[in-house]
Amino acid sequence: MRGQRHATPNTRTDTAMTFPTRRNLIAASAAGIIAAPAIVRAQTQVTTWRMVTSWAKNLPGPGVSAERLGQRITIMSSGRLRVDVHPAGHIVPAFGVLDAVSTGAAEMGHTAAFFWDGQLPGAAFFTTAPFGMGALQHQTWIEHRGGQQLWDELYKPRGVRGLLAGNTGPSMGGWFRKPVESLADIKGLRIRVQGMGGEVYAALGATPQSIPPADIYPALERGTIDAVEILAPVNDLPLGLHRIAPFYYMPGFNKPNGAGEALISLAAFEKLSPDLQRIVENACQAEHSAALAEAEHQNGAALVELVRAGAKLTAFPADVMKAAREKTHEIIDKKASASPIAGKIVASWRDAQSSGGPWARVGAYMEHALRGA
């Protein structure tokens, strides 16, 4: 019995020693149960962004990129950031995308930077410039030679950020109702053309017109324009422009690159968690790469189909190219003097073109040599 009496305190002492640990475990479990709904809510919270675009729905090239970019972000975020895509005219007109994102009417846009060059001198260089860099050189400037930082600086006062988010590759020179046999045939020409290319055509004596892609065919059909520059064969083919203006000119000196732009509201972007911010950036980068490869894949077949349908593939006369190049230098010089930031953009762009030029030329030579061209 004495042994049992002894055993009792020892058992109680052991119990007392273990009881706080149990209590802590129970308390921790309770806290976890209480906290769990908050964690679940945080994990399943859905943020919805509206993306407005400058394109008709699923327009080959940029319209497809816009749709695909919205899907990429939604899927990569497991639905935590849902992007609803609104083609041109659904919420804002094609050329109202910058204002919409800047004012908060939309959180995101898909468009082309050269549309804003009149408001923000220097913006065009983030799409393309006449006689400028091709797609890979341009991307190298943006990502490795200071282009993105200058893009951010230019757009920050408008409360937006621009990112590469698609690329249609080099453009063709465009569709013309009549042959262009010399520089004299450019004078008085009414041509739909965007970006600095329009300024070049104006300097050559033409009358540039800014027309959204969806309205190009009716304008050409009515005869309110004589020529159209838009993109490359795969983008041009479904528009049927060759039926009215069969002369298909090359090279597209005014648009040697076709970079698409994702416009992002800085206020909306800063509300995202760091992982969602990276998803947006990575989705844009992935779409730029995918669209460029897709354009390269599709343009060959589209060009053959256009020629079979009656397109007359033709090179610009030498005097047109020479005059266009000279006017381009003057226009870019003038652009550089428009503002301090425009001056920095032009200087950086020219440096990137000069620095990357030798390797680009060697690469082009090797490609032709290896093909036996």
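Every read-out reported here was derived from the displayed coordinates using simple, explicitly stated rules and does not represent laboratory data. None of these values were measured; they are calculated from a predicted model. Cβ sites come from the backbone with ideal geometry, for glycine too, and all protein chains shown count toward neighbours.
When you filter the GluC sites (Glu not before Pro) in the stretch 155-247 for DSSP loop state and at most 13 other Cβ atoms inside 10 Å of their Cβ, you are left with Glu181.
In percent, rounded to a whole number, the relative contact order of the chain is 21, using alpha-carbon pairs under 8 Å and six or more apart.
In degrees, nearest 10, range 0 to 90: what is the angle between the Cα axis of helix 2-44 and the longest Cα principal axis of the chain? Roughly 20 degrees between the two axes.
Relative to the longest principal axis of the Cα atoms of the chain, helix 340-371 runs at roughly 80 degrees. Stretched out straight at 0.36 nm per residue, the stretch from Lys187 to Thr314 would grow longer than its current Cα-Cα span by 43.8 nm.
The Arg325 and Val46 beta-carbon pair, evaluated with R₀ = 35 Å, returns a calculated FRET efficiency of approximately 0.10.
Against the main long axis of the alpha-carbon atoms of the chain, helix 274-308 sits at an angle near 30°.
Within the straight-line cut-off of under 22 Å between alpha carbons, the lysines reachable from Lys322 are Lys178, Lys187, Lys255, Lys334, Lys335, sequence neighbours fewer than 8 places apart in one chain being disregarded.
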